Amino acid sequence: MMERSRRSEGLAWFIGSGALAGALAAFGFTALHQLLINPIWFALPAMLVAGAICGICLSWSYTLVVSTFAVRTWLQYNLFYLVMFIALGLTSLVAFEPVTTIAALLQTNEPPRALMGRALPVTGLFILGTAVLLSLVYRPGWRGAGGLLVTSTVLVVMLGLNISILGLVEVPRAALGVLGEVLLLLLALGAIYSGVVVLLYRVRFGSGGSA
């Protein structure tokens, strides 16, 4: 009974660490977006909430698919989702023809809902494909597979919709750096999140604790 209680407390702390790390990563993302692309401080409260929710989903689903916590498997798990976002952006660039420009998007503070709607079929396929691929890699059972599907859905809906419309936006040669900036933002988001969780949970990771 005591061992089960200790394990539950450990899992709760790990998932809570994911929430805090997600919020910190969202803050870092917002600050970098302000410096590199355009001001989005007005969206900071929503970004913090989205970051915390995504962080919870990532840390929770990780506990469902691994038997032993380790820094290597944690970073690898996060890397899978980073690759998913990059692949989603590249697929969008290949699959779609531009219908608007970067300048037009930056002139409005409204989300490009019409563009997101056009990209929805590709977005949905990536959500499902990511969950299926990770289920094949980790073979976590139905509960774990459900957790992977929930996590993939939440991450794409809250963080990936703007990436899914890259192919619908005309990028002149002079603005190709914007694509590099998007990649940098993704790398920073993933690095801050996974790194903060490692720091907050370093004792459990160091002891090779079981999930």
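Annotations for the structure displayed:
- Flag for Leu20 being loosely packed, with under 14 Cβ neighbours inside 10 Å and modelled with pLDDT of 95 or more: no
- When Ala87, Ala95, Ala52 are screened for being modelled with pLDDT of 90 or more, buried (at least 17 other Cβ atoms within 10 Å of the Cβ) and out of contact with any Pro (no Cβ under 7 Å at 6 or more places or on another chain), only Ala52 passes.
- If the condition is being assigned to a loop (DSSP other than H, G, I, E, B) and surrounded by fewer than 22 Cβ atoms within 10 Å (Cβ to Cβ), then the stretch 145-171 contributes only Val171.
- Filter pass, Thr101 being surrounded by fewer than 19 Cβ atoms within 10 Å (Cβ to Cβ), touching a residue at least 40 places away in the same chain (Cβ under 8 Å) and among the β-branched types (Val, Ile, Thr): yes
- Some residue of the stretch 57-69 being at pLDDT 95 or above, assigned to a helix (DSSP H, G or I) and open to solvent by 50 Å² or more (accessible area, probe 1.4 Å): yes
- Long-range neighbours under 8 Å by Cβ, at least six apart or interchain, first residue under 13 Å from Ile56 (Cα atoms) within the stretch 146-166, second open to solvent by less than 40 Å² (accessible area, probe 1.4 Å) and not in a helix (DSSP H, G or I): Gly147/Pro140; Leu148/Pro140
The values are calculated or read from the model by the stated rules, or taken from the named source; none is laboratory data. Everything numeric here is computed off the predicted structure, so don't read it as measured data. Positions of Cβ are generated from backbone atoms using ideal geometry, with glycine treated the same way; all protein chains shown enter the neighbour counts. Heavy atoms of the whole protein, side chains included, go into the accessibility calculation; ligands, DNA and RNA do not. Shrake-Rupley method; radii C 1.70, N 1.55, O 1.52, S 1.80 Å.
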